[in-house]
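Below you'll find the structure, written out as C-alpha cells, and then a few comments.
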Amino acid sequence: MQEDVKISIRDKILWLSIIGLDALYVFLILNEHFPAINNYTLFFILSLAAYLMGSFAIATFSNDFTVVPHFFAIFPMLILFDPVSTSLIAYLTVLFAYRKHDARARLFGSVQYALAYYFAGLTLQKIGCNLGGIILALLVFKIINAVLVDFWYDFLRSRIRKIKVWIKGFFMELGFFSMTIPMVAAFPLVKNNVTLEFLVIYSLIFPPVFVKFLAIQSRSNRELKSEKEQLSKSVQKLKRILEVSQMLKVNMPLKELMMRVAAIIHDDLGWEYVLVSMVTPDGRIERIAYAGISEEEFKRLKKNTPSLQFIKSLMKEEYKISNSYFIPQEAEEILPPESSFIGEYEEKKDENAWRDMDLLWIPITDRMGKMVAFISPDKPKSGKRPTLEEITILEIFANQVFIALENSSEFEKLQEKAIRDGQTGLYNHTEFYNKLEGIIQNDEKFCLVMIDIDDFKLVNDTYGHQMGDKVIEYISETIKRSIRHGDVAARYGGEEFVIIFRGMNKRTVKSIAERLRISVGSGNSPVKVTISVGVACYPGDSSTSAGIVAEADKALYMAKLSGKNTVVVANTKNKKKNY
C-alpha cells in the first residue's frame, strides 16, 4: 500500500509540472507576436521533415543512448524563422508523433522540447546568428533538454541513470547534434537564395538517416549476439544434460535420483523452484523431490497433493507446447491453495514475464506413452516465460531421467508391482486387458484360454483359506510351466486365470489346455482339485477384446455345465468328453 501511495504522489507531481509547463507555453504563444513567415514552402518542408524524423528515425543504440533526430529539422528553423513558431512546431511534432507513447510521455515531451527550442531561439536572437551564437544555442537546448528529461522526468519515474552513463549519453548526443553547426551557420550566407537553402536542408537529412541505419545495424548485431549467447547457453545445457545422463545411469535409490534431478534443473537449467512428482502404481501423485524450496514447505506440499484426475484435467490441447503443458496465469486454471507453491516473484509489466500463477509441467513418460512422473519447474531465472527451445531442453532432460528410472531397480519393482498379482506373480486383471488390447491393435492372431478352479469354495470351506491360497499358488505355478516366452498369463479374478497363446491355432491350443488340465488334476496339489477350461480364438471367434473374452467365458460356462474338469472350445459342435 505504501508503494501505491508513492506512485500516486509521483503522478500528481508529474501532472502538476506538465500543467505548469503547458500554461507557460500557452502564455508565450498568446502574448508574443508571430513574425510573418517569409517562406511557407520552406517552413512546411522543415515541419514535415521534423515530423517524419520524430516518428520514424528515432535511433536507439542501447538502453542508455537514444537519439531523437528531429533536431536536424527544427534547429535550422530557429535560424530561418523565430523562436515561438519553431517551438510550436516542436510541440506539435512530439505531441502527434507516430510512435507508441502514452499520453503523459507525449505531453511532457512536447512541452520540454518546446521550451528547450524556445530558449535556444532567444539565445540566438540575443547573441546573433553567428558561429558563437549557434554553438551557445545548441548548448542551451541540450542543457535544458537534459535537465527536464534526464533529471526531472526520469526522477519522477524512479529511473535515475548512473552519472557516468548520463555524462556519456549527454556528450554523445551533443556531439551528434553538433554536426548541424556548419550547415546551420551557412543559412545566413545563403539567405534569400532558395536553391542554396534547399541544398543545405537536403544535406541536413543525411546525418539522421545515416545514424538510423547505424542504429538498425547495432540492433541487428545485438539481436545476433543475443541469439548466439542463447544458442551457446542451449548447447551448454545440452552438454550438461549429456554429462548428467551418464551420472544418472548409475543405479541409485529412487528418492536420491529424483533429488539429483531437481538439483540439476535448479542449478544448471535456470529455474528457481523445482518439484518432482511420481505417479504411483495405484494412480496417486506423490511428491518425491524438490529444489529451491524449504524442507518445511515441501512437507506441506507432500501432504496436500492434487489428484491425478485433476492434473490430467488441466492437460488440455490448448496449453500443450511440444509434449509439455504451460498454463498461463490469465487462463485462471488455479491449483487448490493447499496444493500449490507460491514463491517470491518480481513484478514486471513485460507481457513475456513469468507470473506467480503460471504453471509448467514436463511429463516423464514410459515407452508406451504412460506418464510415470512429472517435473514442475517454477520461476525461470531469466524472469521470462519459457520459449519452445527451453521447454524442448527440459523434455530432452526428462527423457534422460526416464532412462535413469529404467535403470533403477527400485523403480522397476514399483512398475512390476503395478502390473503383477501380489500372490501369484502373474499379470493382474488390468494389465491383462492392456496386453490384450495391444495384441489386437497389432492384429496378431492368438487364442484365449480361460480357467476356473472347480468347487473352489468347497476347498475354502473344508480346509480353510490358507489352504485355498496354496491351491491358487500351485495352479499359477503349473500355468507358468505350460506357457512360452511371449505368452501372457494373468490372474483374472479370485480363482479364475487367463492365458493368451500368441500365434497359435485352435487345435494346438486345445491340446495344450488338455495337458494343463491333466497336469493340474494329477500333479502334487496340496488338495485334490480339477479345473474347467474355455477356449476362444482371434479373429475367428471375435474381433474385439470384449468379444473374445465373452466367447471364452461362454465356453468356460459350457465346460462347467458339462460336468467340470473339461475343456470346451468356442463354437465347437462336437460332444465334449468328461474326465
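The values are calculated or read from the model by the stated rules, or taken from the named source; none is laboratory data. Worth saying up front: this structure is predicted, and the values here are computed from it rather than measured. Neighbour counts are summed over all protein chains in view; Cβ atoms, including those assigned to glycine, are modelled from backbone coordinates with ideal geometry.
Miscellaneous remarks
- Residue in segment 453-460 that is in a helix (DSSP H, G or I), touching a residue at least 12 places away in the same chain (Cβ under 8 Å) and either surrounded by fewer than 19 Cβ atoms within 10 Å (Cβ to Cβ) or not aliphatic (A, V, I, L, M) (or both) present: yes
- When residues of segment 305-364 are limited to those that are of a type in the set (V, I, T) and under 25 Å from P281 (Cβ atoms), the one surrounded by the most Cβ atoms within 10 Å (Cβ to Cβ): I364
- Among the residues of segment 52-102, just one is touching a strand residue (DSSP E or B) at 6+ places or on another chain (Cβ under 7 Å), outside any strand (DSSP E or B) and modelled with pLDDT under 80, namely I58.
- Residue within segment 390-399 that is farther than 16 Å from S322 by Cα and surrounded by 15 or more Cβ atoms within 10 Å (Cβ to Cβ) present: no
- Tally, over segment 299-334, of residues that are part of a loop (DSSP other than H, G, I, E, B) and more than 17 Å from the chain's Cα centre (by Cα): 4
- Identity of the residue in segment 517-544, assigned to a helix (DSSP H, G or I) and over 22 Å from K457 (Cβ atoms), that ends up nearest to the chain's Cα centre (by Cα): S519
- Of the criteria (1) modelled with pLDDT of 70 or more; (2) touching a helix residue (DSSP H, G or I) at 6+ places or on another chain (Cβ under 7 Å), which one V235 fails: (2)
- Residue selected from segment 194-219 under the condition crowded, with 16+ Cβ neighbours inside 10 Å and among the β-branched types (V, I, T), by the criterion farthest from N38 (Cα to Cα): V211
- A search for C-beta distances below 7 Å between a residue of segment 355-370 that is under 16 Å from I288 (Cα atoms) and any residue that is of a type in the set (D, E, K, R) and not in a strand (DSSP E or B), counting only pairs 6+ apart in sequence or on different chains, returns I362/E395.
- Scanning segment 337-354 for residues that are part of a loop (DSSP other than H, G, I, E, B) and within 21 Å of I293 (Cα to Cα) turns up S340, F341, I342, G343, E344, Y345, E346, E347, W354.
- Qualifying residue in segment 545-562 (condition: outside any helix (DSSP H, G or I) and touching a Ser or Thr at 6+ places or on another chain (Cβ under 9 Å)): yes
- Per-region count, segment 475-510, residues within 16 Å of K435 (Cβ to Cβ) and in a strand (DSSP E or B): 12
- Filter pass, E296 being modelled with pLDDT of 75 or more, closer than 19 Å to I342 by Cα and not in a strand (DSSP E or B): yes
- Segment 144-182, subset touching an Asp or Glu at 6+ places or on another chain (Cβ under 7 Å) and not β-branched (V, I, T), residue modelled with the lowest pLDDT: R161
- Taking the conditions (1) aromatic (F, W, Y); (2) within 16 Å of V140 (Cα to Cα); (3) not in a helix (DSSP H, G or I) in turn, Y113 satisfies each one other than (3).
- Contact map, segment 326-337: first residue touching a residue at least 24 places away in the same chain (Cβ under 8 Å), second residue among the aliphatic types (A, V, I, L, M) and not in a strand (DSSP E or B), Cβ cut-off under 8 Å, separation 6 or more or different chains; pairs are F326/I391; I327/L314; Q329/M357; E333/L314.
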